[in-house]
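Asks: Quick one: structure below, then a few questions.
The values are calculated or read from the model by the stated rules, or taken from the named source; none is laboratory data. All of these numbers come straight from a predicted model, not from anything done at the bench. Neighbour counts are summed over all protein chains in view; Cβ atoms, including those assigned to glycine, are modelled from backbone coordinates with ideal geometry.
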Amino acid sequence: MVVSTCTGYLCPGLTGHVAKRLGLRADVQAFDRVGQGCAAALPNLQLGSALLKAGACAKVLSVCVEVSSAAMYLGNDPGVLISACLFGDGAGAAVLSGKPGMAGRRIEWMGCTSLIEPARRDALKFEQRSGLLRNILTRDVPALAADYAGQVLGTVLGRAGLTSRDISTWTLHAGGRDVLLALQRRLALGAWAR
């Protein structure tokens, strides 16, 4: 089981709560991943994929959860106001397997890559202010998101010998209108499906 969050910090971690709620065995391998923000699902799935490939388990429960209301900070800064409008509570989960299932929705994990840019981490982050989590969201985020997504996509498609035209369906992080428009332009996606 891999659980990711940046707003639900607990010690011991969320994996213990999930394991208890689901009635999982006491010897389940549990990995708490904290602080990866909007992209947390990708390293979560990377770890799950690596566990399956290593033969460490037959299935992996992948869970991502954010409790943004617990990190509510209001102020006059435009980034704080936009953050309050964009980010909400939510969770998602998937069961990963090295073998295709017979029923339900199936998605094949083809591969991934990572891109870490420490020099730009101040563009989008949490900071502690008066004991509260305050989101820092700068005007640079849409352009940075589009640029980095373009770099990552180029790497992944290049490794697979594919182009963006080979992708029939796109799923993008809904990081607000400006992020989506920047991604649409940078990735040359054309008109959005409605």
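Asks: For region 42-59, enumerate the residues that are out of contact with any strand residue (DSSP E or B) (no Cβ under 7 Å at 6 or more places or on another chain), crowded, with 16+ Cβ neighbours inside 10 Å and farther than 16 Å from I107 by Cα.
Replies: Listed by number, the list holds a single entry, C57.
Asks: Out of the residues in region 1-42 that are part of a helix (DSSP H, G or I) and of a type in the set (G, A, S), state the one that is farthest from V67 (Cα to Cα).
Replies: Step by step, filter region 1-42, then rank; the result is A19.
Asks: Which numbered condition in (1) assigned to a strand (DSSP E or B); (2) surrounded by fewer than 17 Cβ atoms within 10 Å (Cβ to Cβ) is the only one that N76 fails?
Replies: (1)
Asks: How many of the residues in region 98-133 are in contact with a helix residue (DSSP H, G or I) (Cβ under 8 Å, 6 or more places away or on another chain), assigned to a loop (DSSP other than H, G, I, E, B) and of a type in the set (A, V, I, L, M)?
Replies: Summing the residues that are in contact with a helix residue (DSSP H, G or I) (Cβ under 8 Å, 6 or more places away or on another chain), assigned to a loop (DSSP other than H, G, I, E, B) and of a type in the set (A, V, I, L, M) in region 98-133 gives 2.
Asks: Would you check if G55 is touching a residue at least 40 places away in the same chain (Cβ under 8 Å) and in a loop (DSSP other than H, G, I, E, B)?
Replies: no
Asks: Identify, from the list R105, R129, R120, R139, the residue that is more than 30 Å from A188 (Cβ to Cβ), more than 16 Å from the chain's Cα centre (by Cα) and of a type outside the set (F, W, Y).
Replies: R129
Asks: Search region 176-194 for residues being of a type outside the set (A, V, I, L, M) and over 18 Å from Q151 (Cα atoms), and hand back the single one that is modelled with the lowest pLDDT.
Replies: R194
Asks: How many residues does region 97-133 contain that are touching a strand residue (DSSP E or B) at 6+ places or on another chain (Cβ under 6 Å) and more than 20 Å from M1 (Cβ to Cβ)?
Replies: Total meeting the criteria: 5.
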